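Reviewing the structure listed below.
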Ligand SMILES: Nc1nc2c(ncn2[C@@H]2O[C@H](COP(=O)(O)OP(=O)(O)O)[C@@H](O)[C@H]2O)c(=O)[nH]1
Ligand SMILES: [Mg+2]
């Protein structure tokens with residue numbers, strides 16, 4: 001049997017769960033040489049990586065090589081080391097719940113800024129829409145739709161709210177992120193049940209090792225639709241960005257720098273063109289978010305670029 005291309009679905013210690021349309025799920029290990037080469041990296045390969053593998057002598061497959069990543073997300077762990085979460089995404093779904101808990105706009109704004117600099121398209125999903133009246137929904141949706149973002153309100157209690165969502169997810173790889181409790185796992189379970197479910201070879205905890213909560217998990221649904229859950233992820237920092245990059249990522253401010261004398265000096269002094277622009281164009285809430293992000297940047301313990309969302313090599317959406 002020759003080698004075959006797979007996508008990494010999960011990682012369990014030294015074991016990898018791979019998926020391909022042709023073979024479905026298989027369990028694999030890294031070829032010895034790759035293991036040595038990557039011994040300093042805790043997770044040399046991540047969920048979403050495209051790899052080539054061949055059937056090994058036993059039941060396990062052997063991963064031979066990895067394709068270059070189209071893009072990837074990283075985050076910094078509590079211990080300060082950088083950790084790639086996931087590779088090769090089409091979009092990042094920012095889940096924000098209307099209620100129980102209510103996600104603050106500032107949180108959404110931070111994730112939008114962070115996602116802008118990865119060049120991966122964001123999608124805002126307001127969850128638990130069954131808990132609030134229509135007026136609240138349209139207000140919230142429009143506040144972000146007017147900025148050019150793709151926005152939806154969904155509820156697992158309301159099947160018709162999930163139809164348009166499926167249209168956006170179909171055929172794409174989507175990373176679900178958001179605070180704990182906003183409904184990521186509930187949504188994933190719901191979509192998985194609805195779709196023709198393919199059975200994973202390994203479930204939950206096995207003698208092969210535990211699926212740690214810091215790892216992402218990719219679920220492959222029909223029509224090349226991949227949803228990736230991120231149990232351990234609460235927030236991505238923006239501290240690796242410059243003031244200029246923050247401003248650049250606000251759609252309201254696009255075009256403003258054309259009138260600046262030097263490109264993005266961003267001293268925001270009394271004569272500042274950018275300052276007058278954001279006074280005029282930003283809502284109170286967005287202004288507050290931007291100011292809070294500026295404040296974070298002033299903090300002494302700034303981190304380096306490589307500690308956070310990485311820049312992707314793909315074109316800006
Ligand atoms: N009313 C309502 N509750 C929901 C909805 N989606 C999720 N929940 C509830 O919110 C809680 C947290 O959901 P969970 O999926 O665990 O959130 P996660 O931490 O983002 O994965 C659970 O009690 C769910 O039942 C929804 O659409 N409507
Ligand atoms: Mg969850």
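The values are calculated or read from the model by the stated rules, or taken from the named source; none is laboratory data. Note that the structure is a prediction, hence the values are computed from the model and not measured. All Cβ positions, glycine included, derive from the backbone under ideal geometry; neighbour counts span all protein chains shown.
If you check residue 246 against the conditions, is it buried (at least 17 other Cβ atoms within 10 Å of the Cβ), modelled with pLDDT of 80 or more and assigned to a loop (DSSP other than H, G, I, E, B)? No; evaluated as a whole, the condition is false for this residue. Taking region 148-172 as the range and being crowded, with 17+ Cβ neighbours inside 10 Å and either more than 19 Å from the chain's Cα centre (by Cα) or closer than 17 Å to residue 252 by Cβ (or both) as the test, the residues that pass are 149, 151, 155, 156, 161, 162. Here region 81-136 is the region considered, the condition is being within 16 Å of ligand 2 (Cβ to nearest atom) and part of a loop (DSSP other than H, G, I, E, B), and the residue that is nearest to residue 162 (Cα to Cα) is 128. For region 143-165, the count of residues that are closer than 28 Å to residue 9 by Cα and within 16 Å of ligand 2 (Cβ to nearest atom) is at least one.
Contact map, region 109-123: residues that are within 9 Å of residue 238 (Cβ to Cβ) paired with residues that are part of a helix (DSSP H, G or I), Cβ distance under 8 Å, separation 6+ or inter-chain. Pairs shown: 110/289; 110/293; 113/246; 113/293; 117/245.
Go through (1) in the same structural domain as residue 136 (by TED's automatic domain parsing); (2) at pLDDT 95 or above one by one and return the number of the condition residue 61 breaks. Failed condition: (1).
Would you be able to tell me the number of residues in region 144-161 that are assigned to a helix (DSSP H, G or I) and touching a strand residue (DSSP E or B) at 6+ places or on another chain (Cβ under 9 Å)?
Here is the first cut: in region 144-161, the residues assigned to a helix (DSSP H, G or I) are 144-145, 159-161.
Cutting the leftovers down to touching a strand residue (DSSP E or B) at 6+ places or on another chain (Cβ under 9 Å) gives us 144-145, 161.
Summing the residues that are assigned to a helix (DSSP H, G or I) and touching a strand residue (DSSP E or B) at 6+ places or on another chain (Cβ under 9 Å) in region 144-161 gives 3.
Selection of first residues in region 233-256 that are farther than 28 Å from residue 180 by Cα and of second residues that are in a loop (DSSP other than H, G, I, E, B) and at pLDDT below 85, restricted to Cβ pairs under 6 Å at least 6 apart or on distinct chains, gives the following pairs, ordered by first then second residue: 243/266; 244/264; 244/266.
Here the condition is being surrounded by fewer than 13 Cβ atoms within 10 Å (Cβ to Cβ), at pLDDT 60 or above and either more than 30 Å from residue 292 (Cα to Cα) or within 15 Å of ligand 2 (Cβ to nearest atom) (or both); of 203, 216, 180, it holds for 180 alone.
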